[in-house]
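This report refers to the structure that appears directly beneath it.
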Amino acid sequence: MELEAVVEKAVASEVEKYLGPRLQAIVREYIMLDRDTAFKELCVSRAFFDKNIKNKPQVKLVERRYKESNKVFYEPSELKRAILSITEF
């Protein structure tokens, strides 16, 4: 019985290691992002996001708000397209 518990714990740990990053990618793909999550996902500071990204017309167009709320959300693929349109490579 003790061996079964050890094996079960090891299998659960391996499954979690394997599926964890994939689950994170799925969540980022299909869940709306708020401003805090957006600047973290972009690996920029909040000040840089607010000054150089948030107020661009391309980004303003993809903002979503819930009724009776001032909080802004972004759909990840729309935000990605908007940011790609304003970045220079």
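For the stretch 10-32, does any single residue satisfy the condition of being at pLDDT below 90, farther than 19 Å from Ile86 by Cα and in contact with a strand residue (DSSP E or B) (Cβ under 6 Å, 6 or more places away or on another chain)? Yes, because at least one residue in the stretch 10-32 is at pLDDT below 90, farther than 19 Å from Ile86 by Cα and in contact with a strand residue (DSSP E or B) (Cβ under 6 Å, 6 or more places away or on another chain). Inside the stretch 54-89, residues that are touching a helix residue (DSSP H, G or I) at 6+ places or on another chain (Cβ under 6 Å) and farther than 23 Å from Ala25 by Cα make up a count of 3. Checking Ile31, Ile83 one by one, the residue that is surrounded by 10 or more Cβ atoms within 10 Å (Cβ to Cβ) and in contact with a Pro (Cβ under 9 Å, 6 or more places away or on another chain) is Ile31 and no other.
Please go through the stretch 55-71 and pick out each residue that is among the charged types (D, E, K, R) and not in a strand (DSSP E or B). Working first, answer last.
First, the residues of the stretch 55-71 that are among the charged types (D, E, K, R): 56, 60, 63-65, 67-68, 71.
Passing the criteria: Lys56, Lys60, Lys67, Glu68, Lys71.
Across the stretch 33-54, the qualifying residues are those that are assigned to a helix (DSSP H, G or I) and touching a strand residue (DSSP E or B) at 6+ places or on another chain (Cβ under 7 Å), and the one among them that is farthest from Leu84 (Cα to Cα) is Arg35.
Would you say Leu23 is surrounded by 10 or more Cβ atoms within 10 Å (Cβ to Cβ) and in contact (Cβ under 8 Å) with a residue 24 or more places away in the chain?
Numbers: surrounded by 10 or more Cβ atoms within 10 Å (Cβ to Cβ): yes; in contact (Cβ under 8 Å) with a residue 24 or more places away in the chain: no.
When the stated conditions are applied, Leu23 does not pass them.
Scanning the stretch 60-79 for residues that are in contact with a strand residue (DSSP E or B) (Cβ under 9 Å, 6 or more places away or on another chain) and within 12 Å of Asp34 (Cβ to Cβ) yields Glu63, Arg64, Arg65, Tyr66, Lys71, Val72, Phe73, Tyr74, Glu75, Pro76, Leu79.
Just wondering, is there one or more residues in the stretch 59-72 that are small (Gly, Ala, Ser) and either touching a Ser or Thr at 6+ places or on another chain (Cβ under 9 Å) or exposed (fewer than 11 other Cβ atoms within 10 Å of the Cβ) (or both)? Explain how you work it out, then say what you get.
Applying the first criterion (small (Gly, Ala, Ser)) to the stretch 59-72 yields 69.
Add one more test, that the residue is either touching a Ser or Thr at 6+ places or on another chain (Cβ under 9 Å) or exposed (fewer than 11 other Cβ atoms within 10 Å of the Cβ) (or both), and what stays is 69.
Yes.
The values are calculated or read from the model by the stated rules, or taken from the named source; none is laboratory data. The structure displayed is predicted, hence computed values, not measured ones. Ideal geometry is used to build each Cβ from the backbone, glycine not excepted, and the neighbour counts take in all protein chains shown.
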